[in-house]
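J.: One structure coming up, written as structure tokens, with questions to follow.
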Amino acid sequence: MTTTSNQRRLLIRTAGVVAFLILFHYVGVLRPIERYTLRLLSPIGKASLAIFHRSGHEGLSPAELRQRVTMLEERVADLSVKNVRLEQALDASGEVTQQQAFLQAKNLRGVQAQTIARSPDPTIQYIVSDAGNSRGVRVGSPAIVQNGIVIGTVIAVDDESSRILLTTDNRSTFAAVFIDNQLAQGSVSGVRGLSLRMDLIPISETIREGEIAVTSGVDPNISPGLILGEVDRVEKQQGAILQSASLRPLYTASRIDTLTILTTP
Amino acid sequence: MMRRLLLTVLLLTTLIASLFILPVIQTPLLGTNLFVIALILCMLFGQSTIATVGAVVGGAVSDLLSALPFGSITFSYVATIVIVHWAFRARITNRSFPAYLSLVAMGTILFSISVLLAASLGKFLDSSMVAPELTSAFFVSIVSLLIRSTVIATIVYFLVRAFGRSYATLSEHEF
């Protein structure tokens, strides 16, 4: 038997295996194998995060870090004054407790989840969590961290895992409004995995740097009041009827370890 | 036997690094397809069967942890290794450094384009799925990926030549 015919045979067999893999996945035959494979891989992902986890502030000097912390502390205090009920429910002693306190304050239900993998492709921003169908996660459910900061929405879900597209991805869009100005509504979308942009804001509304944009509740399955980002820069053109704003996300993608996926709108 | 074992370990290590370590540590290596480079190395060591099986298994595992339509990455790895193998046998036919680099470059470009095509087809069939977008950023990312992959492949090549005597002595019939 010649080498060429061996290779042709290998190629045909490989093509057959790939075709059956894809077919069986979508039919559901492979679900138990996928479930066990993910259970096997989850500890590796979590261990990798635990070992290689870094501060989300790479590249900033200590002085810049202190300045940023001070600015964020002032912003947190300002938000707390505006939302008295949320401030009473908050307990600053941990990520999980913060998320649970937020859920209680807003009368929402959600499932705690952990990140097991991140996107290896920098052109698509997503994370893989260890919560899936079996725990009530559905496509379109928002995922939050800390005190209601939305990090993305579930775009694909299996029995025991889900893929969450981050808000900074180009494909993410949210209907949004400013926390201080309910008339300033617009659409927030991700920009190249780095920041957010809010468009379609009426020119008649005054937007200032530092204002917080939140979800407006127009999107299905997404509760109103989830924090999207903070205004970094306002962009207006003379004679235009709409304005835009660049937003800074209030989470660091590389620091997402524990999150909550909301199961009630 | 030892060569097959080492190549299998190499494939497993690069797969785990690509999926779980590089995305976490956020280095310039992020996005560099180490697994494609490892598959090409396997092929150059005369183990095209291990490379093909590795492409299927590695692709399936990557698909489980991917937001792209299932099968996009498996199909892309297999298509890449098959086409690179054909190019090696039919056109390049030697294991010199320029030949190796050109195979790595070809594999990198082929993989990116295959993922784009396969994921776009999946998105066409189900619009709720995510796929890479054919924008200027996509082409910029391919160029960036090419440069990084070339650098990594160069380092790997000289390491293999320095520590692996068998690479230089592989005979033609092993392919």
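J.: Being surrounded by fewer than 24 Cβ atoms within 10 Å (Cβ to Cβ) and within 17 Å of the chain's Cα centre (by Cα) narrows it down to one of B:F75, B:F88, B:F111, so name that one.
T.: Within the list B:F75, B:F88, B:F111, the selection yields B:F88.
J.: For the range A:24-81, enumerate the residues that are touching a Gly at 6+ places or on another chain (Cβ under 9 Å), at pLDDT 75 or above and over 16 Å from B:L64 (Cβ atoms).
T.: Matches in the range A:24-81: A:M71 only.
J.: Oh, and also: Which residues, counting only those in the range B:123-142, are of a type in the set (S, T, N, Q) and either within 14 Å of B:S66 (Cα to Cα) or surrounded by 14 or more Cβ atoms within 10 Å (Cβ to Cβ) (or both)?
T.: If we filter the range B:123-142 for residues that are of a type in the set (S, T, N, Q), which is where we start, we get B:127-128, B:135-136, B:141.
Answer for the range B:123-142, where residues must be of a type in the set (S, T, N, Q) and either within 14 Å of B:S66 (Cα to Cα) or surrounded by 14 or more Cβ atoms within 10 Å (Cβ to Cβ) (or both): just B:S141.
J.: If you don't mind, another one. Does B:A105 meet the test of being under 12 Å from the mean Cα position of the chain (by Cα) and farther than 28 Å from A:I44 by Cα?
T.: yes
J.: Considering B:V36, B:V57, B:V53, which residue is surrounded by 24 or more Cβ atoms within 10 Å (Cβ to Cβ), more than 7 Å from every other protein chain (Cβ to nearest Cβ) and closer than 26 Å to A:R8 by Cα? Break it down into steps so the answer makes sense when it comes.
T.: Values: B:V57 fails: surrounded by 24 or more Cβ atoms within 10 Å (Cβ to Cβ); B:V53 fails: surrounded by 24 or more Cβ atoms within 10 Å (Cβ to Cβ).
Just a single option satisfies the conditions, and that option is B:V36.
J.: So for the range A:219-242 (the condition being in contact with a strand residue (DSSP E or B) (Cβ under 6 Å, 6 or more places away or on another chain), outside any loop (DSSP other than H, G, I, E, B), over 18 Å from A:K106 (Cα atoms) and within 14 Å of chain B (Cβ to nearest Cβ)), does at least one residue qualify?
T.: No, there is no match, as no residue in the range A:219-242 is in contact with a strand residue (DSSP E or B) (Cβ under 6 Å, 6 or more places away or on another chain), outside any loop (DSSP other than H, G, I, E, B), over 18 Å from A:K106 (Cα atoms) and within 14 Å of chain B (Cβ to nearest Cβ).
J.: Since B:L64 meets every condition but one in (1) without any contact (Cβ under 8 Å) to a residue 40 or more places away in the chain; (2) more than 9 Å from every other protein chain (Cβ to nearest Cβ); (3) among the hydrophobic types (A, V, I, L, M, F, W, C), which condition does it not meet?
T.: In the conditions (1) without any contact (Cβ under 8 Å) to a residue 40 or more places away in the chain; (2) more than 9 Å from every other protein chain (Cβ to nearest Cβ); (3) among the hydrophobic types (A, V, I, L, M, F, W, C), B:L64 misses (2) alone.
J.: Would you be able to tell me the number of residues in the range B:122-133 that are more than 11 Å from chain A (Cβ to nearest Cβ) and either part of a helix (DSSP H, G or I) or within 27 Å of B:A38 (Cα to Cα) (or both)?
T.: 1
J.: Which helices (runs of 4 or more DSSP H) does the range B:1-75 wholly contain that include 2 or more residues that are closer than 21 Å to A:I127 by Cβ and modelled with pLDDT under 85? Lay out the reasoning, then the answer.
T.: Details: elements: B:2-16, B:22-25, B:34-44, B:48-64.
Qualifying helices (runs of 4 or more DSSP H): B:22-25.
J.: So B:A79 passes all but one of these: (1) free of Cβ contacts under 8 Å to residues at least 40 places away in the same chain; (2) away from every other protein chain (no Cβ under 14 Å). Which condition number does it fail?
T.: All conditions are met except number (2).
J.: Within the range B:82-95, take every residue that is in contact (Cβ under 8 Å) with a residue 40 or more places away in the chain and over 13 Å from B:T52 (Cβ atoms) and give me the one that is farthest from the other protein chains (Cβ to nearest Cβ).
T.: Going residue by residue through the range B:82-95, those that are in contact (Cβ under 8 Å) with a residue 40 or more places away in the chain are B:84-85, B:88-89, B:95.
Now drop any that are not over 13 Å from B:T52 (Cβ atoms), which leaves B:88-89, B:95.
On the way: B:F88: 12, B:R89: 8, B:R95: 17 Å.
Among them, the one singled out is B:R95.
J.: Something else about it: Does B:L103 meet the test of being closer than 30 Å to A:T4 by Cβ and more than 10 Å from chain A (Cβ to nearest Cβ)?
T.: yes
J.: Mind listing whichever residues of the range A:242-265 are of a type in the set (D, E, K, R) and in contact with a helix residue (DSSP H, G or I) (Cβ under 9 Å, 6 or more places away or on another chain)?
T.: A:D257 - this is the single residue of the range A:242-265 that is of a type in the set (D, E, K, R) and in contact with a helix residue (DSSP H, G or I) (Cβ under 9 Å, 6 or more places away or on another chain).
J.: Would you confirm whether any residue within the range B:12-27 is farther than 20 Å from A:A47 by Cα, at the interface with chain A (Cβ under 10 Å from one of its Cβ atoms), buried (at least 24 other Cβ atoms within 10 Å of the Cβ) and in contact (Cβ under 8 Å) with a residue 40 or more places away in the chain?
T.: Checked the range B:12-27: no residue is farther than 20 Å from A:A47 by Cα, at the interface with chain A (Cβ under 10 Å from one of its Cβ atoms), buried (at least 24 other Cβ atoms within 10 Å of the Cβ) and in contact (Cβ under 8 Å) with a residue 40 or more places away in the chain.
The values are calculated or read from the model by the stated rules, or taken from the named source; none is laboratory data. Computed from a predicted structure; not experimentally measured. Here the Cβ is made from the backbone with ideal geometry for all residues, glycine too, and neighbour counts use every protein chain on show.
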